[in-house]
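These notes are about the structure you will find just below.
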Amino acid sequence: MARITLNKSALTRAGRQLQVFQRFRPSLDMKRRQLLAERAAARKQLAEFEGALEKNNLSVADNVPMLSASGLDLRQLVKVSGVDLDEENVMGVRLPVLRDISIEVQAYGLLSKPHWVDRLVEYLREILALKVRIQVQSQRLKHLDRAVQVITQRVNLFDKVLIPNTRATIKRIQLHLADVERAAVVRAKLAKAKREREQ
């Protein structure tokens, strides 16, 4: 720890520093609250996507039960051919944004495949799109979690270290200056008393 000079200029510097910390801290706290709100919205959106995926999986099981007994090879029937990602800046945090998903359906013979394959293709398209959305939303949430952690550390640094230490420094300097002033007054009185005795 740096040695503190106990004089009026150090007191002035510490006072200015405390003012800066107290002025800057509310803006940090506001940013933290906004990031927390954004993170809560991202979590809600992720939960909605996961719920929709679960619902689609159940719909496939309910509406296309013949899939399990068909023995058809449908692995390459539907695939993601492209994902258009962008970035947005939210409170200084770069977050991924999904602009578009391209899903490719492999051509299949309408007469050589069962009639329910058309419905299955639609379900698979929705499921693949939801899986991509969940991946992007998970990345978004990961970035927001990290940003909230960093900003919380900064707020705590101000609340628990910088502001209390600066206040303690100011108090220490003020006590020292008060002691020095008292000692000067006592010396002046003693010197005055000594002069009066000598006269």
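Structural remarks
- Residue-wise HN-Hα coupling along the stretch 158-174, computed from phi with Karplus coefficients 6.51, -1.76, 1.60 (Hz; x: Gly, Pro): 5, 5, 9, 10, 5, 5, x, 5, 5, 4, 5, 5, 4, 4, 4, 5, 4
- Projecting the Cα atoms of 89, 186, 106 onto the charge dipole of the chain (Cβ charges, centred on the Cα centre) puts 186 farthest toward the positive pole.
- Contact order normalised by residue count of the stretch 1-136, Cα under 8 Å, 6+ apart, percent: 25 percent
- Summarising the amide proton neighbourhood of residue 93: residues at separation of 5 or more, or on other chains, whose placed amide H is nearer than 5 Å comprise an empty set.
- Vicinal HN-Hα couplings computed from phi for the stretch 8-14 (Karplus, 6.51 cos²θ - 1.76 cosθ + 1.60; Hz; Gly/Pro x): 5, 5, 5, 5, 5, 4, 5
- Three-way shape label, the stretch 4-153, alpha-carbon gyration tensor, a/c 1.5: prolate
- Taking amide H atoms as placed 1.01 Å from N in the peptide plane, the amide H of residue 78 lies under 5 Å from those of 106, each 5 or more residues away in sequence or on another chain.
- Simple point charges give the picture: +1 on the Cβ of Lys and Arg, -1 on the Cβ of Asp and Glu, and for the stretch 1-149 a dipole about the Cα centre of about 1560 debye.
- Highest mean packing comes first when the peptides 125-134, 167-176 are listed by Cβ atoms within 10 Å, giving 125-134, 167-176.
- Ranking by accessible area, most exposed first, for 179, 62 with a 1.4 Å probe: 62, 179
- Shape category assigned to the stretch 105-158 from the gyration tensor of Cα positions, a/c cut at 1.5: prolate
The values are calculated or read from the model by the stated rules, or taken from the named source; none is laboratory data. Every value quoted in this text rests on a predicted model; they were computed, and no experiment measured them. Every residue, glycine among them, receives a Cβ derived from its backbone with ideal geometry; neighbour counts consider all protein chains shown. These accessible areas exclude ligands, DNA and RNA; they are computed on the full protein's heavy atoms, side chains included. Shrake-Rupley method; radii C 1.70, N 1.55, O 1.52, S 1.80 Å.
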